[in-house]
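The values are calculated or read from the model by the stated rules, or taken from the named source; none is laboratory data. In this text, all values refer to a predicted model and were calculated from it rather than measured experimentally. Here the Cβ is made from the backbone with ideal geometry for all residues, glycine too, and neighbour counts use every protein chain on show.
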Amino acid sequence: MVDLTLTDEQKDLREMAHNFAEKEIRKVAWEYDRDATWPQDIVEKAWEVGLMNAELPEEYGGPGLDMLSGCLIEEEMGWGCSGIGTSLMANGLAATPVVLGGSDDVKKKYLGMLTEEPKLASFCLTEPDAGSDVGGMKTRAVKQGDKYVISGSKCFITNGSHASLYTVYAKTDPDAGHRGISAFVIPRDADGVSVDKKEDKLGQRASDTAVLHLDDVKLPKANLLAGEGAGFKLAMETFNQTRPDIAASAAGVMRRALDESVAYAKERKAFGVAIGQHQLVQWMLAEMAIRLEATRLLYLKAAYNLDRGVRDPIVSSYAKAFGADAAMQTTVDAVQIFGGNGYVKEYPVEKLMRDAKVLQIYEGTSQIQRLVIARNLLS
Ligand SMILES: Cc1cc2nc3c(=O)[nH]c(=O)nc-3n(C[C@H](O)[C@H](O)[C@H](O)COP(=O)(O)OP(=O)(O)OC[C@H]3O[C@@H](n4cnc5c(N)ncnc54)[C@H](O)[C@@H]3O)c2cc1C
């Protein structure tokens with residue numbers, strides 16, 4: 001029998017996350033978006049109440065929550081503001097390769113940094129000439145004695161300007177394609193690390209997106225994660241765990257779009273009745289609700305699998321691809337329901353539409369998710 005009932009702990013956590021999103025995020029989200037302000041105070045409060053680093057293991061100071069609980073938090077943050085939600089959740093993406101591939105000492109040191117103070121970490125895979133095509137990366141890590149020397153640049157790095165540590169992918173063997181990629185954990189204060197170019201974005205403007213430069217950064221061998229040449233596999237295993245979070249964030253954005261649209265459809269009148277009385281508006285509302293529910297079921301299944309040790313990247317890709325596309329269509333429909341008001345910043349839904357777009361781009365575009373799925377079908 002399939003049981004979709006949440007435990008009492010999960011329900012309490014979701015309620016706590018929702019109250020946080022309502023009180024601390026929703027009321028300020030539009031100002032943060034307008035000014036592209038970094039939400040430092042919200043990061044500190046979220047860390048304080050335990051809404052960050054949800055899945056970090058207890059032995060390294062984290063709450064050790066299951067994946068499903070992490071997704072429930074993510075949906076509520078997405079409902080409040082997916083830009084601020086991305087800032088809060090990026091530690092999970094950056095820390096997962098350390099959890100999966102770090103030695104006990106490395107985990108104690110670097111995961112401990114995140115759980116002892118409200119510090120941030122960034123996941124650094126993308127380069128100017130290597131986004132979807134990860135194997136095209138040019139960042140190099142060269143072994144010299146008991147150290148690696150790393151040089152290159154990473155772009156579009158979430159929380160890059162504010163992070164205290166980076167998980168960075170670099171080629172240890174430039175001729176070996178994906179098998180030549182290795183992953184490292186690099187502290188911000190290492191010589192040769194610098195950050196610039198905060199991006200001025202379409203949406204999720206409260207999240208920081210920056211460029212990371214590594215100029216002959218010398219790292220102890222111990223900072224290599226999962227062994228030489230294991231970086232690509234580690235990145236894919238990480239995405240398998242984090243893509244359900246993106247689907248959950250998409251569900252949050254959709255839920256918000258639906259809440260706003262239902263309220264508006266009851267209030268706004270056209271042809272003598274509330275627009276919610278017109279069947280074509282009802283159609284859009286119903287489609288929004290169906291997409292939201294289907295996204296929820298997909299992220300729940302993906303998280304449920306992970307929590308039971310079933311490693312099925314396809315379900316994570318289903319959840320990410322469907323959820324991101326569903327959030328995009330749903331927020332476009334929300335703007336449509338608001339008519340002209342939907343197109344201006346005085347009303348809430350244009351921000352949701354701008355925010356939703358990146359869900360189809362980061363952590364593997366919607367096209368790349370389909371490639372993963374199709375390759376699996378054909379293999
Ligand atoms: C706000 C934001 C935050 C981000 N945060 C991070 C982060 O924290 N860390 C990080 O490492 N990266 C991050 N990224 C980068 C993101 O993961 C990449 O932008 C994404 O993987 C796409 O890579 P690209 O931009 O190089 O596009 P490209 O790879 O150049 O793709 C361009 C288009 O071509 C399509 N395409 C490419 N190859 C194929 C193919 N084989 N078949 C079909 N279609 C294809 C893509 O789907 C896309 O539509 C972030 C990006 C943004 C915008």
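Matching residues to (1) within 16 Å of the ligand (Cβ to nearest atom); (2) under 22 Å from A29 (Cβ atoms); (3) in a helix (DSSP H, G or I); (4) not aromatic (F, W, Y):
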{"residue": "L280", "(1), (2), (3), (4)": "no, no, yes, yes"}
{"residue": "L285", "(1), (2), (3), (4)": "no, no, yes, yes"}
{"residue": "M288", "(1), (2), (3), (4)": "no, yes, yes, yes"}
{"residue": "T295", "(1), (2), (3), (4)": "no, yes, yes, yes"}
{"residue": "Y318", "(1), (2), (3), (4)": "no, no, yes, no"}
{"residue": "A324", "(1), (2), (3), (4)": "yes, yes, yes, yes"}
{"residue": "Q336", "(1), (2), (3), (4)": "no, yes, yes, yes"}
{"residue": "Y362", "(1), (2), (3), (4)": "yes, yes, no, no"}
{"residue": "I373", "(1), (2), (3), (4)": "yes, no, yes, yes"}
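Just checking, which of K197, K269, K201 is farther than 25 Å from M113 by Cα and modelled with pLDDT under 95?
Numbers: K269 fails: modelled with pLDDT under 95; K201 fails: modelled with pLDDT under 95.
Exactly one residue qualifies, and that residue is K197.
Being buried (at least 23 other Cβ atoms within 10 Å of the Cβ) and either at pLDDT 95 or above or among the charged types (D, E, K, R) (or both) is true of A247. Meeting the requirement of 3 or more residues that are away from the ligand (no atom under 15 Å from the Cβ), among the charged types (D, E, K, R) and more than 30 Å from V349 (Cα to Cα), the strands (runs of 3 or more DSSP E) wholly within region 163-238 are 209-220. In region 128-162, of all residues being under 25 Å from L88 (Cβ atoms) and not in a loop (DSSP other than H, G, I, E, B), the one that is nearest to the chain's Cα centre (by Cα) corresponds to T158.
Do we have M77 as closer than 17 Å to Q204 by Cβ and away from the ligand (no atom under 13 Å from the Cβ) here? For M77, the condition - closer than 17 Å to Q204 by Cβ and away from the ligand (no atom under 13 Å from the Cβ) - is met. Within region 121-145, the set of residues being away from the ligand (no atom under 11 Å from the Cβ) and farther than 16 Å from D215 by Cα comprises G135, G145.
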